[in-house]
Structures are given as structure tokens and as C-alpha cells.
Amino acid sequence: MTDAGSGRVGAVTAAVARQVRELRAARGWSFEELAGRSGVSKGMLVQIEAARTNPSIGTLCRVADAFGVTIAQLLEPAERSSVRITATVDAPVLWRGTHGGTARLLNGLGEPDLVELWEWRLEPGEGHHSPDHSRGTREILHVLAGTLTVTVAGVDHDVPAGHTIEFPADREHGYRTTGEEPVRLVMVVVTPSGEWDRRTRSRQPRPS
């Protein structure tokens with residue numbers, strides 16, 4: 001990884017550490033409480049808050065769901081402008097495939113529902129499996145190049161370039177390339193507002 005790339009990863013790790021620490025403190029939650037709500041181990045949460053690990057996309061998703069925020073908020077710097085223009089190259093890479101594929105979180109909105117905009121690139125032979133998101137989450141994927149196979153609750157759906165798929169993401173799902181062409185796609189993830197508790201499968205309003 002280049003120095004610039006290492007610097008971006010370090011900035012992301014530091015931002016996540018600060019945000020998780022501040023969100024947890026604002027709610028008065030112990031590590032045990034956040035671990036129970038998110039399904040992420042206490043040890044991992046301690047590592048995240050100490051900025052000693054670069055958490056996976058799945059871990060970030062579970063922590064964000066527990067707080068009722070977007071992953072984008074977990075990555076925010078200390079100060080954020082009300083108007084922001086960012087280049088794709090500066091968007092954090094939160095998933096890397098075994099053959100060079102990437103998933104970048106381009107941006108996110110936190111009100112009234114949680115909305116995230118992603119760019120995915122998958123090389124031939126690559127795929128990503130996602131556990132269920134919080135109840136009511138939906139995803140919209142538009143394939144720009146190649147053919148993508150989307151698996152929702154064990155059923156495969158082939159989505160060629162120029163086509164869009166929308167599906168409930170509150171169940172296990174995944175994406176993989178079909179054929180020998182790389183796949184490029186944009187994804188929108190929409191999640192109802194509120195803190196999600198995986199222990200009780202229930203949602204509560206976020207603190208105002």
C-alpha cells in the first residue's frame with residue numbers, strides 16, 4: 001500500500017475510533033451493552049475504540065446499526081461542512097476482493113432514514129457475503145458493467161449491465177461476478193432510522 005493509501009486507512013481508523021467512543025459515551029453504554037446490541041465482541045470494540053484495528057465492512061455495519069447511524073457517520077472527521085464535494089479516489093475502501101475488487105462508501109445521509117451510496121468493483125471470481133442488516137433495510141443496485149449474481153435468502157438473481165435490482169437486505173444476501181468480465185455497480189442502502197438491538201430484534205428512536 002502507498003503512503004497515501006496508508007494515510008487514508010489510518011485516518012479512517014482514527015475517525016471510527018473517535019465516533020464509536022463518543023457515540024457510546026453519549027448513550028452511557030458499557031462495552032458489554034454495545035457488544036450485546038451489535039453482536040460485535042467486546043474485545044473487538046475495545047480494539048476499535050483504541051484505533052488498533054481496521055474493522056471489516058460487516059463489523060462497521062453492525063456497530064452503525066446499533067447506534068442508529070450510517071457507516072458514513074462512523075467515518076466522519078471531527079468537523080464536517082454542510083456542503084461537501086469529494087473525489088471517488090478519496091472515498092474510503094471498506095472491502096477488498098481477493099483479485100483486486102473494491103467497495104467504496106461514497107457518502108451517506110442520516111435523516112430522516114439512513115441512506116448510503118456505494119461504488120463496487122468486483123473482478124472475475126470475486127464475491128461478498130453479507131449477513132442480515134437491521135429490519136426494514138433495502139438495497140438498490142445498478143450494474144454499470146458485467147453481469148452480477150445477487151443472492152437473496154438463498155435465491156440467485158442474475159443482473160446484467162444496464163439493469164437495476166432492489167431487494168430486502170434484512171436477510172442474508174450476497175453478490176458475485178458471473179462470467180469472465182469484471183463488474184462495476186453503484187449501490188444505495190436505505191435503513192429506517194433508530195437504534196437496532198440484535199438481542200431483541202427491535203428498534204428504538206435515536207437520542208435527539
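The values are calculated or read from the model by the stated rules, or taken from the named source; none is laboratory data. Quantities reported herein were computed from a predicted structural model and do not represent experimental measurements. Quick reminder, even Gly has a Cβ in these numbers, built from the backbone with ideal geometry, and neighbours come from all protein chains shown. Note: accessible area is taken over every heavy atom of the protein model, side chains too, but ligands, DNA and RNA are not part of it. Shrake-Rupley method; radii C 1.70, N 1.55, O 1.52, S 1.80 Å.
Volume per residue, Å³, of the convex hull around the alpha-carbon atoms of region 81-137?
97 Å³
Compute the distance in nm between two label points, each set 7 Å from the Cα along the Cα-to-Cβ direction, one at HIS99 and one at ARG201.
3.7 nm
Could you state the accessible area per residue of the chain in Å², with a 1.4 Å probe and every protein chain left in place?
I get 49 Å² per residue for the chain.
What FRET efficiency, computed as 1/(1 + (r/R0)^6) with R0 = 41 Å and r the Cβ-Cβ distance, is obtained for GLU123 and ALA50, rounded to the nearest 0.05?
0.75
Mind jotting down the distance between the C-alpha centroids of region 126-179 and region 25-58, whole Å?
28 Å
Sort out the exposed loop GluC sites (Glu not before Pro) in the chain (DSSP loop, at most 15 other Cβ within 10 Å) and tell me the longest stretch that has none.
80-171
Among GLY179, GLY68, PHE167, which residue has its Cα positioned farthest towards the positive end of the charge dipole of the chain, with +1 placed on the Cβ of Lys and Arg, -1 on the Cβ of Asp and Glu, and the dipole taken about the Cα centre?
Looking along the dipole axis, the top candidate is GLY68.
Above 18 angstrom, tally the Cα pairs of region 151-208 and express them as a % of all pairs, no decimals.
Pairs farther apart than 18 Å: 51 percent.
Multiply the residue gap between GLU76 and ASP90 by 0.36 nm, knock off their C-alpha separation, and tell me the result in nm, one decimal place.
Difference between extended and current length: 3.8 nm.
Quick check: convex hull over the Cα atoms of region 124-175, volume per residue in Å³, rounded to an integer?
In region 124-175, the Cα hull volume divided by residue count equals 65 Å³.
What fraction, in whole percent, of alpha-carbon pairs in the chain exceed 27 Å separation?
Summing the P(r) of the chain above 27 Å gives 30 percent of all pairs.
By how many nm would the segment from ASP132 to VAL190 grow when fully extended, if each residue of separation counts as 0.36 nm and the alpha-carbon distance is taken off?
19.5 nm
Where the only charges are on Cβ atoms (+1 Lys, Arg; -1 Asp, Glu), what is the dipole of the chain about its Cα centre, to the nearest 20 debye?
680 debye
Over region 58-192, what percent of the accessible surface lies on carbon and sulfur atoms, probe 1.4 Å?
Whole-percent figure for carbon plus sulfur exposure: 53.
Just subtract the alpha-carbon distance of HIS157 and ARG27 from 0.36 nm times their residue separation and send over the number in nm, one decimal.
The HIS157-ARG27 span can extend by a further 42.7 nm.
Assuming a viscosity of 1.306 mPa s and a temperature of 10 °C, what translational diffusion coefficient in µm² per second does Stokes-Einstein assign to region 89-175, Rh being the Kirkwood radius over Cα pairs?
115 µm²/s
Compute the longest continuous run of the chain that contains no exposed trypsin sites (Lys or Arg not before Pro); treat a site as exposed when its DSSP state is not H, G, I, E or B and it has at most 14 other Cβ atoms within 10 Å.
85-198
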